[in-house]
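One structure below.
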Amino acid sequence: MIGESKYPILIAGASHACCMGVPLTVESGIGPLLRIDEHFDALVGTFPRDDAYWESTVQQAHGRDIVIVWRGNQHYGRFLLRETPPFDLVVPSHPQLPLEAGAVLVPFAAVKEFWRVTFIGLEDMLQRLASLGTCRAFVLGTPPPIRETTVIQAELEKHSHYFDIELKTAQLTPRRVFWKLWASIQLSMEEVAQKYNARFIPVPEHFKTEDEFLKSVYAQAIDYTHANSLYGTEMRHHLLKEIREGQLNASV
Amino acid sequence: MHPYKSAPSRSFWSRSVASNFDAAQLFSFEGPLLRKRDRIVSAGSCFAANIIPSLERSGFKYVRTEERHRIFRSIPIENMGYPNFSAAYGNIYTSKQLLQLIKRSKGDFNPIEDRWITEGGVIDPFRPGLRYPAMSEREFEVLRAQHFNAVLEAFRQCDVFIFTLGLTECWISKVDGAIFPACPGTISGTFDSAKHEFYNLSVSEIVDDLVGFFSELKSLARSPRVILTVSPVPLVATATGDHVLTASIYSKSVLRVAAQEFCRLEPAATYFPSYEIVAGPQAPSNYFNEDRREVSTEAVEAVMAAFLSNCENDGVCREPQDDSNERIMLEIERSELLTPSVCEEAMVE
């Protein structure tokens, strides 16, 4: 497909697409598409997102611009709690960021390899979308971590008793390491996107603080791992500008 | 009566090689070669890595100061022997490379050609096969500093250093004499005849290197001992222009003489005859695989049997304890349990 689609931009993804109007779950019989507004459609389905959801993404892709929001919480899911011994990494785009004292340095290339398994499904889907030749695929960057770890600590203490987890000895991963892990995920997604001729759209600078964490105005009050609806609304405006008004390469 | 009259049977070929050969008898050393309390550090060519599993299974303490972080043990391991030894220096083929390693780690030698900047990352010319190279010069420098600290820590802990001499042929920098583990351009980097040249180490140079290294080691460790071996593995290729067979025999001969000379000079050094066990005329043909270069499992077992028979040994075989996988799951599970209390998506993992 060359040039602009006549259809609304399709957003497909899981929880990090919710703030942009993609429901996490819908009642049976609804879908696969739900109109968000005149410019955007949501691909809906069951949660957790399964192969059927992503198959549906490919099926709905013909003639469309598709924005894929792929996972986005890998750094929280694996590294919420500080490891013993602690580790740190050097991000190529920000090599001068300080390193945590006493941390074991892990090569950035090794961290990217660690994330690779989480992108297998994305690679498969992008490859299929590219082979269709009738759509433009975009991979959207996911929100950076929040700066204030006290919010995270408070939520942990609220929920930890359900899991019998001793928080006196548990420490959170330092926020700068969290950020570096997030950055490594963004870079990995960008490389995956480029590999299959899709365009990676990073989180714009105006969503971030000076030191590149998520601005508090875009953070949810309780769920520290996701951005809020204000973020989602503004992100849709950004996508519209980038995809429909910007000079982007077609996937075919 | 002449001296041969009173010589033991091991002094006679007919009585100890042509018949009654026992590899354990090749070696004579007062006291055990290794004691159970010894902390062992080793380095050397590919053959050197073979001894480590046997030592650990026999309950000896092998020093390791640079292992990958346990949380990343799910990814492919490093290439080319880097994870095999006490620190991630990989294969050390020559005496000059060994001396260079300890000097660089101490900050006493800083090669001018210390990095190759490529599209695939910033490559360490002295560890060119790393699977996970640095992606920026800053990362390169901090990872290298971490590596040097690990090397020094290994040497500090060392009671016994086992070194397997592998090669005499090497490639060096014309600028400052830095020695590369492989000819630039073979694994990574680019060969430049203006900067790189071939060199074949002599007996005296190897002895000088070993003396220099041991002096450096003694400045770090408390009363270390050295065990030298010579790798029986022939050369993959020679840059001498000679046939690879004659070049190999020459190289191994030089290494063997140098090992003997160093042990003669240094009371704390001992030579262990793994080369003779594998490559001597008494060795069975199956000690080498079909290519007549790769050493067989039977050969390694024979070497280790002879080696361990000269060590303090309770005869109990131990499987290495590794609770790292269990701990990794525990930490990941803790993170995953906590996160989905506010994010169900994390449950997908």
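In straight-distance terms, cross-link reach from B:Lys174 covers every one of the lysines whose alpha-carbon lies under 19 Å from its own, apart from those fewer than eight places away in the same chain; here that gives B:Lys96, B:Lys103, B:Lys195. Helical runs (DSSP H, four residues minimum) scored at -39500 (n - 2.57) apiece and divided by the length of the protein assembly as shown put the mean residue ellipticity at 222 nm at -10500 deg cm²/dmol. Seen from B:Asp38, the other residues with C-beta closer than 10 Å to its C-beta sum to a net charge of +4, counting Lys and Arg as +1 and Asp and Glu as -1. Can you work out the FRET efficiency for the pair B:Ile249 and A:Asp211, with r the C-beta to C-beta distance and R0 = 41 Å, to the nearest 0.05? The pair B:Ile249/A:Asp211 has a calculated efficiency of 0.05.
Of all segments of chain B bounded by chymotrypsin sites (Phe, Trp or Tyr not before Pro) found in a DSSP loop with no more than 16 other C-beta atoms within 10 Å, the longest spans B:192-349. For the stretch A:47-177, the spread of Cα coordinates along the three principal axes comes to 53, 38, 23 Å, biggest extent given first. Couplings for the stretch A:194-202, taken from phi via the Karplus curve 6.51 cos²θ - 1.76 cosθ + 1.60 with θ = phi - 60°, read 5, 4, 10, 6, 9, 9, 8, 10, x Hz in order; Gly and Pro are left as x.
The alpha carbon centroids of the stretch A:130-150 and the stretch B:13-31 are separated by 69 Å. Spin-label model, B:Glu301 to A:Glu191: label points 7 Å out along the Cα-to-beta-carbon direction sit 4.2 nm apart. For chain A, the share of DSSP beta bridges that are antiparallel, to the nearest 5, is 30%.
DSSP beta bridges confined to chain B are antiparallel in about 45 percent of cases.
Applying both filters, DSSP loop and at most 11 other Cβ atoms within 10 Å, to the GluC sites (Glu not before Pro) of the stretch A:167-247 gives A:Glu210.
If only the Cβ of Lys and Arg carry +1 and only the Cβ of Asp and Glu carry -1, the dipole of chain B around its Cα centre is close to 1340 debye. FRET efficiency for the pair B:Phe109 and B:Ser309, taken as 1/(1 + (r/R0)^6) with r the Cβ-Cβ distance and R0 = 41 Å, rounds to 0.55. Measuring nothing but how far apart in sequence close Cα pairs (under 8 Å, 6+ apart) lie, relative to its length, the stretch A:9-244 scores a relative contact order of 24 percent. Amide H contacts under 5 Å for B:Ser42: B:Ser86, B:Ile162, restricted to partners 5 or more places along the chain or on a different chain, H placed in the peptide plane at 1.01 Å from N.
Considering lysine pairs in chain A that are 8 or more places apart or on different chains, how many have Cα atoms under 18 Å apart?
6
Classify the stretch A:9-244 as rounded, prolate or oblate from the Cα gyration tensor: take a ≥ b ≥ c as the square roots of its eigenvalues, call it rounded if a/c is under 1.5, otherwise prolate when a/b beats b/c and oblate if not.
Note, shape of the stretch A:9-244 comes out prolate.
Couplings 3J(HN,Hα) for the stretch B:128-140, derived from phi with the Karplus relation 6.51 cos²θ - 1.76 cosθ + 1.60 (θ = phi - 60°), are x, x, 4, 5, 10, x, 5, 10, 8, 5, 4, 4, 4 Hz, where x marks Gly and Pro.
With θ taken as phi - 60° and the Karplus curve 6.51 cos²θ - 1.76 cosθ + 1.60 applied, the whole-hertz 3J(HN,Hα) list for the stretch B:89-105 is 8, x, 6, 10, 8, 10, 5, 5, 5, 5, 4, 5, 4, 6, 5, 5, 5 Hz, x standing for glycine and proline. A simple count of charges around B:Trp116, restricted to other residues whose Cβ falls under 15 Å of its Cβ and scoring Lys, Arg +1 and Asp, Glu -1, yields -4.
Viscosity 1.306 mPa s, temperature 10 °C: Stokes-Einstein D of the stretch B:1-115 from its Kirkwood Cα radius, in µm² per second? The Stokes-Einstein estimate is 88 µm²/s. Less than 5 angstrom separates the built amide H of A:Trp70 from those of A:Leu140, all sequence-distant by 5 or more or on a different chain.
Label sites at B:Leu265 and B:Arg73, each approximated as a point 7 angstrom past Cα along Cα to Cβ, lie 4.2 nm apart.
Just so you know, the averaged projected area of the alpha carbon convex hull for the stretch B:141-240 sits at 8.0 nm².
Rounded to the nearest 20 debye, the dipole magnitude of the protein assembly as shown is 1220 debye, with +1 charges on Lys and Arg beta carbons, -1 on Asp and Glu beta carbons, and the Cα centre as origin. Can you give the FRET efficiency for B:Ala145 and A:Ala52, using 1/(1 + (r/R0)^6), R0 = 60 Å, r = Cβ-Cβ distance, to the nearest 0.05? Calculated transfer efficiency: 0.75.
The ratio of the alpha-carbon radius of gyration of the stretch A:1-118 to the globular-protein estimate 2.2 N^0.38 Å is 1.41. Tell me, what is the Rg over Rh of chain B, with Rh the Kirkwood radius over Cα pairs? Rounded to two decimals, Rg/Rh equals 1.01. Both chains summed, the buried accessible area for A and B stands near 3700 Å², from protein heavy atoms and a 1.4 Å probe. Here the relative contact order of the stretch B:134-220, from alpha carbon pairs under 8 Å that lie six or more residues apart, stands at 26 percent. Put simply, the amide H of B:Val226, placed in the peptide plane, has neighbours under 5 Å in B:Phe161, B:Ala269, B:Thr270, leaving out anything fewer than 5 places away on its chain. Over the C-alpha trace of the protein assembly as shown, radius of gyration and Dmax come out as 30.2, 113 angstrom.
Counting heavy atoms of the protein chains alone, B:Leu265 has an accessible area of about 100 Å² for a 1.4 Å probe.
Using the empirical formula 2.2 N^0.38 Å as the baseline, the Cα radius of gyration of the stretch A:83-125 reaches a ratio of 1.42. Charge tally for A:Cys19 (other residues, Cβ to Cβ under 12 Å; Lys, Arg +1; Asp, Glu -1): -1.
The values are calculated or read from the model by the stated rules, or taken from the named source; none is laboratory data. All values reported here derive from a predicted model rather than from experimental measurement. In this analysis, Cβ positions are derived from the backbone assuming ideal geometry, glycine residues included, and neighbour counts consider all displayed protein chains. What goes into the accessible areas is simple: the full protein's heavy atoms, side chains included, and nothing from ligands, DNA or RNA. Shrake-Rupley method; radii C 1.70, N 1.55, O 1.52, S 1.80 Å.
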